[in-house]
Amino acid sequence: MLGIIIELLLSWLLLKLIVKQNLSALGLRPTGRRIAAFVAGLLWPLLYFCVFEYVVSLLVKNPYRINPDYHLNKFWMENIYLFKSVAFEGLIFRAALLYILIKKIGPQSAVLTSAVAFGIYHWFSWNAFGNPVQMLIVFVTTGMAGYVFALAYEKTQSLYLPFALHFGCDFAEMILFSHDKGMGKQFLIKTFENDPVSPGAVVSIIVLVIHFIGFACLPGYY
């Protein structure tokens, strides 16, 4: 939490020195429109990934089941961690720096710059160096997500929607469907350790593309 406080202080300082603004420029004040955007942004990735994972589980004949060892305390602690992580990344890539870039180089270039930086950042946070294929996949997938989050900020001039989209996406992937190896098994786990049916290389590539691109097809939030 200390890191987030420091980020807010630095954001205030940058806004004050470079564009003569304060933290209100980040759209932090709650309004009905922003709260509605937050709810919609939270529900969309949850709905999308639930449908996606259900279809894939049918495809490979490996349905999800509730983890019998999961408990409420773990759920609470993991959500606190996720909240801090999303807030920390959001304040770096979609707050004062993005606001300043929008003012200095224009919305399109600023959003693209934020997305590229977000993709490169995940090379470090995911320890992807040394494997060119993995680096490319990480850059494209996280960069695309970063583009969606940055665009959400640019269009709404608020952190509510990008935070909700980011949190909802990570919650579905990491906590709901246990796809983060570092966090281990969470709420839902697959019935079998290995999928009984292999969809084949072509179908696997299609599924991978849908997984990371379909989420970006937002239903009119902007």
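Taken together, the values in this text are just the output of simple stated rules run on the coordinates, not laboratory data. Not measured: the values here are computed from a predicted model. With ideal geometry, Cβ positions are generated from the backbone for all residues, glycine too; neighbour counts draw on all protein chains shown.
What dipole magnitude, in Debye to the nearest 20, does the chain give about its Cα centre under +1 on Lys/Arg Cβ and -1 on Asp/Glu Cβ?
Computed about the Cα centre, the dipole is about 720 debye.
Compute the FRET efficiency between Ala201 and His179 as 1/(1 + (r/R0)^6), taking r as their Cβ-Cβ distance and R0 = 22 Å, and round to the nearest 0.05.
My answer for the efficiency is 0.60.
Scan around Trp126 for amide H atoms under 5 Å from its own, H built in the peptide plane at 1.01 Å from N, and keep only partners 5 or more places away or cross-chain.
Counting only residues 5 or more places away or on other chains, the set is empty.
Taking the Cα centre of the chain as the origin and placing charges on Cβ (Lys, Arg +1; Asp, Glu -1), which of His166, Phe93, Leu23 is farthest toward the positive end of the dipole?
Value: Leu23.
Do any trypsin sites (Lys or Arg not before Pro) in segment 47-115 lie in a loop, going by DSSP, with at most 14 other beta-carbon atoms within 10 Å of their beta carbon, and if so which? Before the final figure, lay out the partial values.
Values: sites: Lys61, Arg65, Lys74, Lys84, Arg94, Lys103, Lys104; in loops: Lys61, Arg94.
When the trypsin sites (Lys or Arg not before Pro) of segment 47-115 are filtered for loop state and at most 14 Cβ neighbours within 10 Å, Lys61 remain.
Per residue of segment 126-135, in order, report the coupling 6.51 cos²θ - 1.76 cosθ + 1.60 (Karplus, θ = phi - 60°) as ³J(HN,Hα) in whole Hz, putting x for Gly and Pro.
Working through the residues one at a time gives 9, 6, 8, 5, x, 10, x, 5, 5, 4 Hz.
Which of the lysines could a cross-linker span from Lys103 if the Cα-Cα distance has to be under 23 Å and same-chain partners fewer than 8 positions apart are dropped?
Lys16, Lys20, Lys155
Could you pull the Rg and Dmax for segment 152-194, using just the Cα atoms, both in Å?
14.1, 45
Starting from the eigenvalues of the Cα gyration tensor, five times each then square-rooted, give me the equivalent ellipsoid semi-axes of segment 121-212, largest first, whole Å.
26, 18, 14
With labels modelled as points extended 7 Å from the Cα through the Cβ direction, what inter-label distance (nm, one decimal) is found for Arg33 paired with Leu17?
For the pair Arg33/Leu17, the computed spacing is 3.2 nm.
From the phi of every residue in segment 63-80, what ³J(HN,Hα) in whole Hz does the Karplus formula 6.51 cos²θ - 1.76 cosθ + 1.60 yield, where θ is phi - 60° and glycine or proline is x?
x, 7, 9, 5, 5, x, 8, 7, 9, 4, 5, 5, 4, 5, 5, 5, 5, 5
For segment 2-216, what does the relative contact order come out to in percent, with C-alpha contacts under 8 Å and a separation of six or more?
That works out to 33 percent.
Residue by residue, what Karplus-based ³J(HN,Hα) values in Hz, rounded to whole numbers, does segment 3-17 have, using 6.51, -1.76 and 1.60 with θ = phi - 60° and x for Gly and Pro?
Along segment 3-17, the couplings run x, 5, 5, 4, 4, 5, 5, 5, 4, 4, 5, 4, 4, 5, 7 Hz.
Counting only helical runs of four or more DSSP H residues, what would the 222 nm mean residue ellipticity of the chain come to if each run contributes -39,500 (n - 2.57) and the total is spread over all its residues?
Using -39500 (n - 2.57) per qualifying helix, the result is -22000 deg cm²/dmol.
What do you get for Rg/Rh of the chain when both radii come from the Cα atoms and Rh is the Kirkwood radius?
Using only Cα positions, Rg/Rh for the chain is 0.99.
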